[in-house]
Structure formats: structure tokens, C-alpha cells
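The block underneath contains the structure these notes are about, expressed in C-alpha cells.
The values are calculated or read from the model by the stated rules, or taken from the named source; none is laboratory data. Model, not experiment: these values are computed from the prediction. Glycine also receives a Cβ, built like all others from the backbone with ideal geometry; neighbour counts cover every protein chain displayed.
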Amino acid sequence: MNSTEVLNGLKRRFPNEPEYHQAVSEVLASIEDVYNQHPEFEEYNLIERLCIPDRIVSFRVTWVDDYGRVQTNMGYRIQHNCAIGPYKGGIRFHASVNQSILKFLAFEQTFKNALTTLPMGGAKGGSDFNPKGKSDDEIMRFCQAFILELWRHIGPETDVPAGDIGVGGREVGFMFGMYKKLAREHTGTFTGKGITFGGSLMRPEATGYGNVYFLQQMLATRGIGIEGKTVCISGSGNVAQYTAEKLISLGAKVVTMSDSNGYIYDPDGITRDKLDYIMHLKNVERGRIREYAEKYGCKYVEGARPWGEKCDIAMPSATQNEINGEEARTLLANGCFAVSEGANMPSTPEAIDAFLNAKILYAPGKAANAGGVSVSGLEMTQNSQKLSWSAEEVDSKLKSIMENIHSQCVKYGTQPDGYVNYVKGANISGFMKVATAMMEQGIL
Ligand code: NDP
Ligand code: 2IT
């Protein structure tokens with residue numbers, strides 16, 4: 001396999017999908033050597049079968065807004081790969097959603113899920129519906145209309161959706177309710193459900209906490225602790241909030257958070273009380289991060305990302321391609337020595353090269369943010385058993401899964417000079433598991 005040729009072939013067949021090409025390109029470059037040590041992979045054309053999704057479902061979603069106007073959006077589900085378990089991955093509601101973005105997310109999810117050690121295949125779905133400014137009733141009607149189409153393609157042993165950008169507990173509740181009505185069964189077809197109807201304790205916290213556990217593992221390889229470290233976080237949604245919560249409890253100083261309008265810089269650090277304010281602002285009032293700066297009298301920068309502020313550690317937790325090459329170089333010049341990705345593909349290829357060339361601790365999202373889907377996997381287990389575990393039990397399982405993912409990255413990513421390339425480690429480890437499962441199940 002020649003990774004450039006494979007990529008060029010995919011670009012010809014699937015033009016105008018830059019995010020998908022970007023995600024595939026990174027994985028192909030990482031696994032090329034390992035792949036070529038297995039002639040049987042090439043004989044079975046494993047690479048194309050792994051890069052091209054099993055299927056894509058796309059549909060129109062029609063709903064009525066509060067003013068009685070009939071609205072349409074596009075809905076999608078990319079079922080990428082089910083070699084190691086039922087399709088599994090989040091649903092994203094954001095105006096930017098298109099097939100390319102969901103294909104990149106479903107592709108990455110496949111490797112991420114393989115890393116978790118749990119039996120889950122990879123998928124992603126979503127809509128270009130923009131939840132900003134919508135009433136609860138509009139959100140409910142949209143979720144119901146979305147599921148009216150999607151329900152026939154999902155199920156507890158087929159495909160299990162969850163949240164992502166723009167989809168949290170409220171939306172999962174509405175979608176699950178509609179699914180249950182149509183399917184006439186109360187099963188674990190969604191994860192991230194409310195605690196009263198089958199949700200798992202710790203699922204809201206899992207991605208952020210998991211990322212911090214992964215960061216702790218990386219820091220430990222250099223004998224560094226988290227206490228007293230200055231951290232820049234982007235985003236102020238689910239992942240950012242619980243990343244901040246865990247960091248604060250461990251004595252780190254979180255100085256930035258952001259949303260799509262701008263970022264706040266609080267040199268004194270966001271305390272527990274201030275974080276409570278952010279959680280209420282974002283989760284209940286659905287306000288803007290700017291209001292934090294107004295309340296606490298700190299700096300707010302409109303239309304910018306936080307990477308120009310000095311920090312030891314950066315934890316991008318908003319969206320894809322939110323750190324470019326120039327921003328990566330600024331972070332490095334300001335002394336940043338660790339980047340652990342809560343978001344999916346937040347660093348551009350140029351930014352990743354800068355981090356790897358500087359040999360800092362750099363964890364790609366598919367390893368560092370795998371805690372979310374891991375606890376989703378644990379939610380599926382609890383649902384199958386018709387049991388629910390304590391928060392302590394789920395948290396301790398999450399911790400050991402993150403440690404295991406870290407060990408896999410070290411095993412497959414340690415370079416001759418001892419530097420751990422976590423990108424390579426995560427990609428090779430995830431790939432080998434999925435590839436082996438595919439080989440053993442025949443040509444499908
Ligand atoms: P939320 O919707 O809860 O929060 C997203 C945050 O990112 C908001 O602050 C939002 O700002 C900001 N944001 C979204 N899009 C953009 C954009 N285009 N430019 C700038 N800021 C943006 O989502 P999550 O916290 O769940 O997801 C954040 C990231 O983490 C995503 O990359 C997601 O794929 C990834 N992830 C999520 C997991 C989960 O369990 N939820 C698991 C693993 C990864 P605003 O409020 O203005 O929209
Ligand atoms: O990107 C992700 O891993 C998620 N949005 C969570 C997926 C899940 O099924 O919990």
C-alpha cells in the first residue's frame with residue numbers, strides 16, 4: 001500500500017470532502033509501514049474497506065418552528081465499520097454539519113472505539129440544524145422529526161447513537177423518547193440517557209475526566225504532576241466543563257474557556273464557584289461566555305481563540321481544526337509542553353507536525369477523548385444487565401480504560417529515541433485490532 005496513492009484514489013472518488021481526506025491521510029501515514037508488513041491485508045484490499053464507510057444514510061428532516069413555519073434540514077448517519085461491535089458514535093447538531101465532517105468523525109470513531117477495549121464499531125450522525133436560539137419545544141420537535149427517519153436504522157445491537165456538539169442530555173432524552181415510541185421497546189439504543197431511564201452515572205463527566213486521566217498518564221512519563229500547572233481550555237460545552245472541573249479539583253489553574261464568539265482569559269484561574277457559574281450560564285441559560293468576563297471583570301477577546309495566552313498545557317475541547325500551525329508555534333514559544341485533545345481533530349496537520357517536531361507530550365483526540373465513548377460502552381453493559389453501577393465503580397473503570405489506552409499508545413508509538421508518538425501509537429493500535437477482526441470475518 002502506498003498511502004499517497006490510496007489517498008489520491010479516495011480524493012478522486014469522494015471529492016470536496018476535505019475533513020474526511022484529512023483524517024484518512026493522518027491514519028494512512030501512521031500505519032503504512034505496519035500495513036505493508038502484512039501482505040494478506042493488501043490481498044484482501046483491507047485499506048479501502050477500512051477507509052470507505054459501510055453505508056451512509058441521509059434524509060430530509062421536516063419540522064415546524066414556533067411561528068408555524070415549515071423548516072427542512074438534512075440528517076445523516078454514517079455507519080463506518082462494525083467489525084468489532086455494533087455501530088457506536090455520537091450525533092452532532094451544528095449549522096456546519098455536512099457529509100465530509102461526519103465521515104471524518106465516523107472514521108476516527110472506529111479507531112477510537114477499538115482503543116477502548118470495549119466491543120464497539122464506529123459511526124457518527126447529525127444534522128445541519130442550528131440549535132442556537134431555538135426554544136425547548138422547537139428542539140423537541142426537531143429531535144422527534146430526526147428520529148422519525150433514523151429509528152429504522154438503529155437499535156441496541158445494531159447502532160447506538162449518543163451526544164456530540166449540540167446534542168446533550170436534553171436532546172438524547174427527546175430522541176430516545178421518540179425512538180422508544182416507534183420501536184415499541186425500552187432498550188439501550190442511545191447512550192447519554194437521563195439517569196432515571198437507563199443512563200449511566202459519570203457519562204456527562206466521562207470525556208473531560210478521561211482526558212485529564214490521560215494527561216496525567218502522559219505527564220507521569222516525564223515525572224510531572226498536574227498541580228499548579230496553567231491550562232488553556234477552548235470550548236465551554238460538555239467536554240470543556242468537565243475537563244475544567246477535574247483539573248480544578250487536582251489543583252491546576254484553568255485560565256481560558258471559549259465559545260464560537262470568543263474567549264475569556266482569567267489570570268487568577270477559574271475556581272469551582274466560577275465554573276458553577278459557567279455551567280449554569282451554558283447549560284441552563286444557554287448564554288455566551290462573554291458574560292463571564294462581564295461578571296468577573298476579566299479579559300474577553302471577541303472572534304479569537306485562546307492559544308495566544310501563555311500556558312503549560314493546552315486542552316482544545318471545542319471543534320475540529322481549531323489550532324492551526326501558527327497557533328501551535330505560538331503555544332510552543334510560550335512554553336506549552338503538553339497538548340491533550342478533548343475535541344475530535346482540533347489540530348491541523350501543520351499544528352500536529354509542530355507539536356511532534358518539538359517532541360512535546362501530544363495526545364490526539366482518538367486516544368485522549370475516548371473516555372466519553374468508553375462510559376457509553378459501560379452504559380450499554382449496564383442496560384443489557386438491567387443494572388446500574390455506582391459513580392465510583394464507573395469512574396474507576398474509566399480510569400483503568402484510559403490507562404490501558406495510554407499503554408497501547410506507548411507500546412505502538414515509542415520511537416527509537418524514546419519519544420512517544422501518541423498519534424502513531426493510537427493509530428497503529430486501533431488499526432491492528434480492527435484489521436484483525438475484519439480479516440477473520442471474511443470479505444464483506
Ligand atoms: P458542546 O456542544 O457541549 O460544546 C461545544 C463547545 O465548542 C461550545 O462551547 C461551542 O460554542 C464550541 N464550538 C462548537 N463549534 C465551534 C466552532 N465551529 N468554532 C468555535 N467554537 C465552537 O459539545 P461537546 O463539548 O460535546 O463537544 C466538543 C468537542 O468534543 C467536539 O469536537 C466533539 O466531537 C468532541 N467530543 C465530545 C464527546 C462527548 O462525549 N460529548 C466525546 C468525545 C469527543 P457555542 O456555544 O458558541 O456553540
Ligand atoms: O466523539 C465521541 O467519541 C463522542 N461524541 C461520544 C460518542 C459516544 O457514543 O458516546
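Here is how the numbers come out for the structure above:
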read-out: Residue match in segment 427-440 (condition: in contact (Cβ under 8 Å) with a residue 24 or more places away in the chain, under 17 Å from Gly121 (Cα atoms) and charged (D, E, K, R)); value: yes
read-out: Candidates Gly342, Gly372 - the one that is at pLDDT 95 or above, closer than 16 Å to Leu118 by Cα and among the small types (Gly, Ala, Ser); value: Gly372
read-out: Any hit, segment 165-183, residues being more than 16 Å from ligand 2 (Cβ to nearest atom), more than 19 Å from Trp63 (Cα to Cα) and either touching a strand residue (DSSP E or B) at 6+ places or on another chain (Cβ under 8 Å) or not small (Gly, Ala, Ser) (or both); value: yes
read-out: Single match in Phe111, Phe107, Phe129 (criterion: assigned to a loop (DSSP other than H, G, I, E, B) and either in contact (Cβ under 8 Å) with a residue 40 or more places away in the chain or among the aliphatic types (A, V, I, L, M) (or both)); value: Phe129
read-out: Qualifying positions in segment 120-149 - of a type outside the set (Asp, Glu) and either surrounded by fewer than 24 Cβ atoms within 10 Å (Cβ to Cβ) or modelled with pLDDT under 95 (or both); value: Asn130, Pro131, Lys132, Gly133, Lys134, Ser135, Ile139, Met140, Arg141, Gln144, Ala145, Leu148
read-out: Complete set of residues in segment 266-284 that are among the charged types (D, E, K, R) and either assigned to a helix (DSSP H, G or I) or within 16 Å of ligand 2 (Cβ to nearest atom) (or both); value: Arg272, Asp273, Lys274, Asp276, Lys282
read-out: Check on Asp312, more than 13 Å from ligand 1 (Cβ to nearest atom) and within 23 Å of the chain's Cα centre (by Cα); value: yes
read-out: Test: residue in segment 290-298 that is outside any helix (DSSP H, G or I), at pLDDT 95 or above, more than 16 Å from ligand 1 (Cβ to nearest atom) and not hydrophobic (A, V, I, L, M, F, W, C); value: yes
read-out: Selected residue (criterion: nearest to the chain's Cα centre (by Cα)) from residues of segment 328-376 that are free of Cβ contacts under 8 Å to residues at least 60 places away in the same chain and either assigned to a strand (DSSP E or B) or within 13 Å of ligand 1 (Cβ to nearest atom) (or both); value: Ser347
read-out: Set Ala252, Ala240, Ala244: member being modelled with pLDDT of 95 or more and within 16 Å of ligand 2 (Cβ to nearest atom); value: Ala240
